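Colleague: Quick one: the structure is below, and I'll ask about it shortly.
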Amino acid sequence: MPRGNGAVREQAVRGSEPGALEQEVVPLNAWARLLLEQLGDPRTSGGRWAQAVKASVQRTDTLRLLATPELDDFLRRVGDATAKLINMENYRRRHLFFEGRGIDCSWMSAWSRRFTDYFEIYKLLGSKNFAEACRLIGEQWKSFVGLLRAAKEGRLEPWQKVRPPGYRKDKDGQRIPIVIVRADNYRIDLEKRVLRLGYWNVSIQFKGKPRWLTRPEAKQGRLIIVYDPVKKRWYARVSVEVTLESKLGGGLKAGIDLGRERLIAFVTEPVNESGEGVALLYRGGPLKADYFYFEKKIAEVDRMLSDPRLEEVDRSVLKEVRRRLYGKRKRRRNQLFANAAAHLVRLCLGLGVAVLLLGYPRGIARDKPGKGNSNMWSYRGLAQRIAVTAENRGIPVFKVPEDGTSKVCARHGCEVQRGPRGLVRCPHGHTMHSDVNAAMNILKRGGGKVPMRVKVLSFVPTASKVVAVNEKSSNPA
Ligand SMILES: [Zn+2]
């Protein structure tokens, strides 16, 4: 097994924290898992493969269904029956669990009740789709077991919560419909834009551009149809298995630090003989502005809601408005993350970056739910978006521990002083962007070579586009 070269090993030895190498790097996408399997730790292996490799991944295409009133009735009927099945099964399994009689992860235990407790539901769903619903229930309990194990071994992320699968019910106690269709019980006609459901012999028109289903090697999996009560629309989520390819060999490593002021700070290894690297900075301004805009709107609604003289009718209208605002804010944030990630990954390919190293959150504080935190700034949301976008383009992404990366000079390993305007000062007499320095430290921890100089490019991502900014201080590092 190739175990790296001299330069990389020297980096590790020179590293400011001797313990850094013992800490875990965590693969964040399929390429990173494959790389870890085939080449070993990316910090010492160099993390680059010689020839193209392939990986199968699961993707989801979402189609908006154009349901007529009859189809709406049909989806509600089937969706409600499936929700009832899930609730009854989860009720039974939760009791087993809370009474200490074990965890039932099996799909067969639900399936075996098809001629008794669930006979009506079974008839309505058909055997294939009933079996698929049982499988989904079993899978959710399996993932609960996985989380329990992770918690026991202390591998849980700060934002992960361990709860047994619950009930599909809204705040008013109404069941939330869900239609589950097995892979071999539906067909999607991409030309006519029609979804055909086998057992029920029903055709539904859809809108939306499927991204993955159109690929020649795409293999359709489970189909799930859900209702969005805010938008009052039905959506079909098709899981698709696709084969991706990664051809990146001999490329560079790059470090990424995620933050609030600078959403993304990115630094490559040296790109030329003179040891110069490239730094990309994505500003967090628009994300913040968006957040506060919606925060204000929501606060206005809350103020109106707190009026005790408010009629019940108006109250429910206002609650609906509030739900819409929350939904819109989240969508805009996700769109902004998607734009920034797509832009970053495109530049990575242009720069020849073959491995991305992403800093871990600094402690729990980063994703602690609460004001201005999980809503505006979702470390996990942005990290996952970068990992998936990079996966689509063949780039492995690893998480690297980042504690203390902002306090130490990436070049000299000594402590830096915080200066004005987000700069840090090194006792060796140079200043840097603190986020660029943090990203360089992450790069270094991932076994990358720290550039002696960097060229900084700045961008402003919004929910609709990414704009380049001309920065005067072209070389602050
Ligand atoms: Zn220094």
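The values are calculated or read from the model by the stated rules, or taken from the named source; none is laboratory data. Values in this document were obtained by computation on a predicted structure and should not be read as measured data. Positions of Cβ are generated from backbone atoms using ideal geometry, with glycine treated the same way; all protein chains shown enter the neighbour counts.
Colleague: Looking at Pro401, Pro461, which is the one that is touching a His at 6+ places or on another chain (Cβ under 8 Å), closer than 30 Å to Pro27 by Cα and not acidic (Asp, Glu)?
Modeller: Going through Pro401, Pro461 in turn, just one is touching a His at 6+ places or on another chain (Cβ under 8 Å), closer than 30 Å to Pro27 by Cα and not acidic (Asp, Glu): Pro461.
Colleague: Between a first residue in segment 419-437 that is within 19 Å of Leu280 (Cβ to Cβ) and touching a residue at least 40 places away in the same chain (Cβ under 8 Å) and a second residue that is near the ligand (Cβ under 9 Å from one of its atoms) and of a type in the set (Asp, Glu), which pairs have beta carbons less than 6 Å apart while being 6 or more apart in sequence or on different chains?
Modeller: none
Colleague: Another question about this same structure. Can you tell me which residues in segment 292-316 are closer than 21 Å to Lys231 by Cα and at pLDDT below 90?
Modeller: Scanning segment 292-316 gives Val313, Asp314, Arg315, Ser316.
Colleague: Can you confirm whether segment 87-106 contains a residue that is buried (at least 18 other Cβ atoms within 10 Å of the Cβ) and without any contact (Cβ under 8 Å) to a residue 40 or more places away in the chain?
Modeller: Yes, segment 87-106 contains a residue that is buried (at least 18 other Cβ atoms within 10 Å of the Cβ) and without any contact (Cβ under 8 Å) to a residue 40 or more places away in the chain.
Colleague: May I ask you to list the residues in segment 195-222 that are free of Cβ contacts under 8 Å to residues at least 40 places away in the same chain and either at positive phi or not hydrophobic (A, V, I, L, M, F, W, C) (or both)?
Modeller: Arg196, Asn201, Ser203, Lys209, Thr214, Arg215, Pro216, Glu217, Lys219, Gln220
Colleague: Restricting attention to segment 414-437, and to residues there that are modelled with pLDDT under 90 and part of a loop (DSSP other than H, G, I, E, B), which single residue is surrounded by the most Cβ atoms within 10 Å (Cβ to Cβ)?
Modeller: Filtering segment 414-437 for residues that are modelled with pLDDT under 90 and part of a loop (DSSP other than H, G, I, E, B), the one surrounded by the most Cβ atoms within 10 Å (Cβ to Cβ) comes out as Gly422.
Colleague: Let me ask you something else. Out of the strands (runs of 3 or more DSSP E) lying entirely within segment 109-203, which hold 1 or more residues that are among the hydroxyl-bearing types (Ser, Thr, Tyr)? Don't jump to the end; show me each part of the working.
Modeller: Values: elements: 178-181, 186-189, 194-197.
Hits in segment 109-203: 186-189.
Colleague: Mind checking whether some residue in segment 249-257 is without any contact (Cβ under 8 Å) to a residue 24 or more places away in the chain and assigned by TED's automatic domain parsing to the domain that holds Thr389? Talk me through it step by step, then tell me what you get.
Modeller: Step one: filter segment 249-257 for residues without any contact (Cβ under 8 Å) to a residue 24 or more places away in the chain, giving none.
Within segment 249-257, not a single residue is without any contact (Cβ under 8 Å) to a residue 24 or more places away in the chain and assigned by TED's automatic domain parsing to the domain that holds Thr389.
Colleague: Could you look through segment 394-408, keep only residues that are within 24 Å of the chain's Cα centre (by Cα) and not in a loop (DSSP other than H, G, I, E, B), and pick out the one that is farthest from the ligand (Cβ to nearest atom)?
Modeller: Residue satisfying both the conditions and the ranking: Val397.
Colleague: Then there is this: Go through segment 322-337 residue by residue and tally those that are among the small types (Gly, Ala, Ser) and over 21 Å from Asp302 (Cα atoms).
Modeller: 0
Colleague: Mind checking which residues of segment 123-135 are touching a residue at least 60 places away in the same chain (Cβ under 8 Å), buried (at least 20 other Cβ atoms within 10 Å of the Cβ) and closer than 17 Å to Ser239 by Cβ?
Modeller: Asn129, Glu132, listed by residue number.
Colleague: Would you check if Gly166 is under 22 Å from the mean Cα position of the chain (by Cα) and over 29 Å from Pro69 (Cα atoms)?
Modeller: When the stated conditions are applied, Gly166 does not pass them.
Colleague: Which residues, counting only those in segment 240-283, are over 30 Å from Ala218 (Cα atoms), of a type in the set (S, T, N, Q) and surrounded by fewer than 18 Cβ atoms within 10 Å (Cβ to Cβ)?
Modeller: Within segment 240-283, Asn272, Ser274 meet the criteria.
Colleague: Do you know which residues across segment 409-461 are at positive phi and away from the ligand (no atom under 13 Å from the Cβ)?
Modeller: If the condition is that a residue be at positive phi and away from the ligand (no atom under 13 Å from the Cβ), then Arg421, Gly422, Gly447 are the ones that fit.
Colleague: Can you report the number of residues in segment 253-276 which are farther than 15 Å from Leu287 by Cα and modelled with pLDDT of 90 or more? Break it down into steps so the answer makes sense when it comes.
Modeller: Within segment 253-276, the first condition is being farther than 15 Å from Leu287 by Cα, and the residues that meet it are 253-257, 265-276.
Next, only the ones that are modelled with pLDDT of 90 or more stay: 253-257, 265-271, 276.
Number of matching residues: 13.
Colleague: Here is a follow-up. With the requirement that a residue be of a type in the set (A, V, I, L, M, F, W, C) and touching a residue at least 40 places away in the same chain (Cβ under 8 Å), what does segment 260-309 give you?
Modeller: Leu263, Ile264, Ala265, Phe266, Val267, Val271, Val278, Ala279, Leu280, Leu281, Leu287
Colleague: Yes or no: segment 147-163 includes at least one residue that is under 29 Å from the mean Cα position of the chain (by Cα) and within 25 Å of Asp61 (Cα to Cα).
Modeller: Checked against the condition, which is being under 29 Å from the mean Cα position of the chain (by Cα) and within 25 Å of Asp61 (Cα to Cα), segment 147-163 yields no hits at all.
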